[in-house]
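Contents: one structure, followed by commentary.
Just so you know, all these numbers are worked out from the coordinates, no wet-lab data involved. It should be emphasised that the depicted structure is a prediction, and the values quoted were computed from it without experimental measurement. Note that we place each Cβ from the backbone using ideal geometry, even for glycine, and neighbour counts take in every protein chain shown.
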Amino acid sequence: MAGTTQEIVIAAPPERVFDVIADYQRYPEFVPAVRSCRPRRQGSVVEVDFEVDLGVKRIHYTLRHVEERPRTVSWSLVASDWMKLSNGAWRLEAQPGDRTRALYTVEVQIAKPPLIPQKLVDRVTDELTRVQLPRTLAAFKQRAEQA
């Protein structure tokens with residue numbers, strides 16, 4: 001996946017949406033593929049260890065998040081067993097009626113580990129882009145609207 005941008009409108013104010021995004025330890029409760037998250041916070045910088053089950057493969061990785069409350073959360077890859085790149089951001093913009101326009105941008109590149117067939121790498125990439133990204137955005141939207 002070179003990169004993709006998705007936009008959603010959430011029926012909640014930006015502050016609430018931001019709170020849901022920044023509540024990393026609760027991701028396993030509502031983000032379908034996330035099995036565990038272990039955040040380590042130092043002010044507005046948070047490193048989070050993730051375990052994600054993509055069905056075809058479980059992957060582990062660490063992202064460094066930089067929070068700019070209440071408008072932006074950006075991240076970059078620190079370490080991973082399958083990715084060589086993961087950069088992205090949530091950008092939140094207030095809309096009339098206590099709504100938020102959320103722009104989600106992500107760039108992911110899967111590394112091909114030695115002895116792993118390219119077919120499996122392709123399946124992991126497809127699962128991330130075609131299946132997991134829309135589910136993830138829907139999960140954040142639902143969580144923020146229910147909060």
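Given R0 = 41 Å, the distance between the Cβ atoms of Val56 and Val9 translates into a calculated FRET efficiency of 0.85.
Positive end of the dipole of the chain (Cβ unit charges, origin at the Cα centre): among Ala12, Ser80, Pro134, the Cα lying farthest that way belongs to Ser80. Annotation for Val45 and Ser76: the two label points, set 7 Å from Cα along the Cα-Cβ direction, are 1.0 nm apart. Enumerate the residues in the stretch 52-91 having an amide nitrogen under 12 Å from the point lying 7 Å beyond the Cα of Arg38 toward its Cβ. Zone members listed by number: 61-62. Overall, the chain carries a charge dipole of about 220 debye about its Cα centre when +1 sits on the Cβ of Lys and Arg and -1 on the Cβ of Asp and Glu, all other atoms neutral.
Going through (1) 19; (2) 15; (3) 27, the figure that equals percent of Cα pairs over 27 Å apart as computed for the structure here is (1). Contact order, relative form, for the chain: 29 percent (alpha carbon pairs under 8 Å, 6 or more residues apart, mean separation divided by residue count). The string of couplings for the stretch 76-88 from the Karplus curve (6.51, -1.76, 1.60, θ = phi - 60°) is 8, 6, 9, 7, 6, 8, 9, 9, 10, 8, 7, 10, x Hz, one whole number per residue in order, with x for Gly and Pro. Note on the chain: dipole from Cβ charges, positive end direction compared against Val34, Trp90, Val56; the farthest Cα belongs to Val56. Charge tally for Arg101 (other residues, Cβ to Cβ under 10 Å; Lys, Arg +1; Asp, Glu -1): 0. If you take the Cα centroid of the stretch 61-102 and the Cα centroid of the stretch 35-50, the two points sit 13 Å apart.
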